[in-house]
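Written below as structure tokens is the structure these notes are about.
No value in this document is a laboratory result; all are computed from the given coordinates. What you see is a predicted model; the values in this text were computed from it and never measured. Note that we place each Cβ from the backbone using ideal geometry, even for glycine, and neighbour counts take in every protein chain shown.
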Amino acid sequence: MIWFWKCDRLGPDIPITHFLLYFHKTGKWICKKKFKSFGKNSEFRPFAYANYPSKISIGNNVVIRPGSMLFADEFSNGEIIIEDDIGIGPGVHFYVNNHRYDNTNIPIKYQGYYPSKRIKICKGSWIGANSVILLGVKVGPNSVVGAGSVVTKDVEPFTVVAGNPAVVIKKLKETK
């Protein structure tokens, strides 16, 4: 029982804390306890997952929808930063690390991981459903990641990207 409270994880595989997400007040309470920071009017909905939420910052007015997976890492540079006013569709995955695969004499599953790299989603962006954001990526302010995209490189501000791997579809006109 104590492990469920103390583990650095949220999701359906942690039933006690997951149950709290179904209720607004207790959901907010557990998120404020578990995440590095958790902003006003933000939600972490049931059936979303967070590994190492103590390394994840969620700004104001952000909703993490069901099926989304935020995989931070307890070690250096393994954080995820989601700024204010971000739209995130269901089933979006964030990964701050990747398996090593450079030694062909060893099966990949035994090679460990490359060093983790921070992911940052800047203010006002929209991440479409079922997208994957990979290690080291920064999505610039007011940018759009099309549904189902795999983002392997930084996205410039005011840019729409889509595809696998994600490529620039168009630049948005910046209004002042």
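Helix-only estimate, please: 222 nm mean residue ellipticity of the chain, summing -39500 (n - 2.57) across DSSP H runs of length 4 or more and dividing by its residues, to the nearest 500. Intermediate values should be presented prior to the final figure.
On the way: 3 runs with 22 residues, N = 176.
Rounded to the nearest 500, the figure is -3000 deg cm²/dmol.
Connecting C-alpha atoms closer than 10 Å in a GNM of the chain, tell me which of 120, 40, 28 has the biggest fluctuation.
Maximum among the listed residues: 40.
Could you tell me what % of all Cα pairs in the chain have separations over 22 Å?
Considering the chain, 44 percent of its Cα-Cα pairs are separated by more than 22 Å.
Calculate I(q)/I(0) for the stretch 20-118 by the Debye formula, one identical point scatterer on each C-alpha and no solvent, and give its log10 at q = 0.22 Å⁻¹ to two decimals.
Here log10 of I(q) over I(0) equals -1.08.
Working only with C-alpha atoms, what are the Rg and Dmax values of the stretch 7-73, expressed in angstrom?
10.2, 28
When we measure straight from the Cα of residue 138, which aspartates and glutamates land under 13 angstrom away, once same-chain ones fewer than 8 places off are left out?
79, 83, 154, 156
Starting from the Cα gyration tensor of the stretch 75-176, take the square roots of the eigenvalues, sort them a ≥ b ≥ c, and report rounded, prolate or oblate (rounded when a/c is under 1.5, otherwise prolate if a/b is larger than b/c, else oblate).
In terms of gyration-tensor shape, prolate.
Using a Gaussian network model of the chain whose springs link C-alpha atoms within less than 10 Å, name the residue from 38, 75, 47 with the highest mean-square fluctuation.
75
Between the DSSP loop rule and a limit of at most 13 other Cβ atoms within 10 Å, which chymotrypsin sites (Phe, Trp or Tyr not before Pro) in the stretch 94-140 are left?
The qualifying sites are 101.
Under the rule that an exposed site lies in a DSSP loop and has at most 12 other Cβ atoms within 10 Å, name the longest stretch of the chain with no GluC sites (Glu not before Pro) of that kind, not counting the sites themselves.
75-173
Of all DSSP beta bridges in the chain, what percent run antiparallel (nearest 5)? Working shown, then result.
Values: 8 of 37 bridges.
Here the antiparallel bridges make up roughly 20 percent for the chain.
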